[in-house]
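Asker: Here it is, the structure, as structure tokens.
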Amino acid sequence: MNTGKVDALLGIVFGDEGKGKVVDFFTPKYDVVARFAGGPNAGHTIIFDGKKFVLRSIPSGIFDEHKVNIIGNGCVIAPDLFMAEARELEAAGYDLTSRLHISKRAHLILPTHRVLDRAYEAAKGKGKVGTTGKGIGPTYSDKAARIGLRVGDILDGFEEKYRALKARHEQILKDLGFTDYDITDDERRWMEGVEYMRGFRLSDTEHEINALLREGKNVLAEGAQGSLLDIDHGTYPFVSSSSTTCGGVCTGLGVAPRMIGEVFGIFKAYSTRVGSGPFPVELFDETGDTIRHIGNEYGAVTGRNRRCGWIDLVALRYAIIINGVTQLVMMKGDVLDGFATIKACVAYRKDGVTTTDMPFDTAGWEPVYEELPGWQADLTGVRRESDFPPAFKAYIDYLERQLATPITIVSVGPDREATIIR
Ligand code: IMP
């Protein structure tokens, strides 16, 4: 039988790899676009018909009336934020109810989850994760503790379940001495959001997606965050709380491993990280500032400065293995246009020990760099691989050798046409 496949499109470092920019290359080839992990902590900036949208929970196939979009069971969803996001799309003329399916098994982010997120961060003091404040960690905690509320719960006896979980949260907040909060407005909008969600197709998306695959339809699993923020494989405890890696595609959508086809790993020509946590390649000097400025590296959700550094091949090799990446997509090559020398971190060193394997804890490790000549030319107008400056071509060849994986798409500028397929 000719079944469809699930291809995964994953940010493979710390998120913010610029997926939104290439998504229009990917989505036309698929019948279904599905989100499998995370929630409104994501911010995928997508330009469609000349208009800019920031998608947080909604998959990026939403602009095409012929596609099925799925928010899978592995996701967490905040009804108020979902409503705001969806209404913006509706106002722009996109009909969501016919195109969007939401898993009944996805968990709900309550207003008190967001307060808990703040309270836990405050309690951590210096060791705080630097979360997006969207309640992600507390919601996944309740999921694991088997006390969470799921989307399907809003269809039956919801008020009581809501009140019980809210009371539980309030008690925790009281115990923590975190009492200076007021969720009245939030809660009103949140309840309005719940009502609004009832108008959507809340379904058993695990069955739907497998039925579509049996019909031969192809699915794009759209990643959020990045592999190094994965709850298991990331730089724990400075991670998000979901499975952002390829394994999360299976658990977060209810598809079997054998249904996975291509795994596209997206990375940037350099490194960034938002929030706290070890980041061996971080540059605190002018070079870091230049990368941030030219790359416009400021958070899409929180507006925070992103920490910047040279490319980290230790992290990339690790992410390629964990995800089974079959093809790489390199973004933002043009950001390095002005540098005479480009560095690549090939190993980490600490206390006289050198490793090329991702260590248990990356704190305190120093990067070991190799240097390559920069191309010092403007890449943004380049539209063909044959027009790549030799030093840029050499950088790509070098990365392919180091990573033992082909780089099949290269982006060299903000324009849609500045994305080159090799
Ligand atoms: P949380 O997901 O809000 O709990 O945040 C946990 C960590 O993941 C923090 O360091 C955040 O900055 C980071 N994070 C969460 N979502 C994203 C994202 O979409 N891009 C980049 N970093 C993210």
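The values are calculated or read from the model by the stated rules, or taken from the named source; none is laboratory data. Being a predicted model, the structure only gives us computed values, none of them experimental. As a convention, Cβ positions derive from the backbone with ideal geometry for all residues, glycine included, and neighbour counts pool all protein chains shown. These accessible areas exclude ligands, DNA and RNA; they are computed on the full protein's heavy atoms, side chains included. Shrake-Rupley method; radii C 1.70, N 1.55, O 1.52, S 1.80 Å.
Asker: Taking the stretch 115-152, which residues are among the charged types (D, E, K, R), within 10 Å of the ligand (Cβ to nearest atom) and more than 16 Å from Ile231 (Cβ to Cβ)?
Answerer: Glu121, Lys128 - these are the residues of the stretch 115-152 that are among the charged types (D, E, K, R), within 10 Å of the ligand (Cβ to nearest atom) and more than 16 Å from Ile231 (Cβ to Cβ).
Asker: Condition check: away from the ligand (no atom under 16 Å from the Cβ), outside any loop (DSSP other than H, G, I, E, B) and touching a residue at least 12 places away in the same chain (Cβ under 8 Å). Does Ile62 satisfy that?
Answerer: no
Asker: For the stretch 95-181, please list each of the helices (runs of 4 or more DSSP H) lying entirely inside it that holds at least 1 residues being over 30 Å from Ile70 (Cβ atoms) and open to solvent by less than 60 Å² (accessible area, probe 1.4 Å).
Answerer: 111-124, 158-175
Asker: Limited to the stretch 401-421, what total is found for residues that are over 29 Å from Gly50 (Cα atoms), assigned to a helix (DSSP H, G or I) and touching a residue at least 24 places away in the same chain (Cβ under 8 Å)?
Answerer: 2
Asker: Report every pair of residues separated by at least 6 positions or lying on different chains whose Cβ atoms are under 7 Å apart, first residue within the stretch 164-192 and touching a residue at least 24 places away in the same chain (Cβ under 8 Å), second open to solvent by 60 Å² or more (accessible area, probe 1.4 Å) and in a loop (DSSP other than H, G, I, E, B).
Answerer: Cβ pairs passing all conditions: Leu173/Thr179.
Asker: Of the residues that sit in the stretch 248-296 and are part of a loop (DSSP other than H, G, I, E, B) and under 23 Å from Gln327 (Cβ atoms), which one is farthest from the ligand (Cβ to nearest atom)?
Answerer: Per the stated criteria, the residue is Ala256.
Asker: Take the conditions within 19 Å of Ile291 (Cα to Cα) and modelled with pLDDT under 95 and apply them to Gly333. Does it pass?
Answerer: Here the answer is no, as Gly333 does not meet what is asked.
Asker: If only one of Asp378, Asp357, Asp334 is loosely packed, with under 13 Cβ neighbours inside 10 Å, touching a helix residue (DSSP H, G or I) at 6+ places or on another chain (Cβ under 8 Å) and either of a type outside the set (Lys, Arg) or closer than 27 Å to Val239 by Cβ (or both), which one is it? Spell out how you get there, then give the answer.
Answerer: Details: Asp378 fails: loosely packed, with under 13 Cβ neighbours inside 10 Å; Asp334 fails: loosely packed, with under 13 Cβ neighbours inside 10 Å.
The conditions single out Asp357.
Asker: Sticking with this structure for a sec: Can you name the number of the only condition in (1) more than 16 Å from the ligand (Cβ to nearest atom); (2) touching a residue at least 40 places away in the same chain (Cβ under 8 Å) that Phe36 fails?
Answerer: Failing condition for Phe36: (1).
Asker: So which residues in the stretch 205-222 are farther than 30 Å from Thr272 by Cβ and either within 16 Å of the ligand (Cβ to nearest atom) or exposed (fewer than 15 other Cβ atoms within 10 Å of the Cβ) (or both), if there are any at all?
Answerer: His207, Ala211, Arg214, Glu215, Gly216 - these are the residues of the stretch 205-222 that are farther than 30 Å from Thr272 by Cβ and either within 16 Å of the ligand (Cβ to nearest atom) or exposed (fewer than 15 other Cβ atoms within 10 Å of the Cβ) (or both).
Asker: Which one is surrounded by the fewest Cβ atoms within 10 Å (Cβ to Cβ), of the residues in the stretch 43-58 that are touching a helix residue (DSSP H, G or I) at 6+ places or on another chain (Cβ under 9 Å) and not hydrophobic (A, V, I, L, M, F, W, C)?
Answerer: Thr45
Asker: Have a look at Pro367, Pro414, Pro373 and point out the one that is in contact with a Cys (Cβ under 9 Å, 6 or more places away or on another chain) and open to solvent by 20 Å² or more (accessible area, probe 1.4 Å).
Answerer: Every option except Pro367 fails the conditions.
Asker: Right, something else. Considering only the stretch 223-234, state which residues are within 12 Å of the ligand (Cβ to nearest atom), out of contact with any His (no Cβ under 8 Å at 6 or more places or on another chain) and either open to solvent by less than 10 Å² (accessible area, probe 1.4 Å) or not β-branched (Val, Ile, Thr) (or both).
Answerer: Gly223, Gln225, Gly226, Leu228, Leu229, Asp230, Gly234
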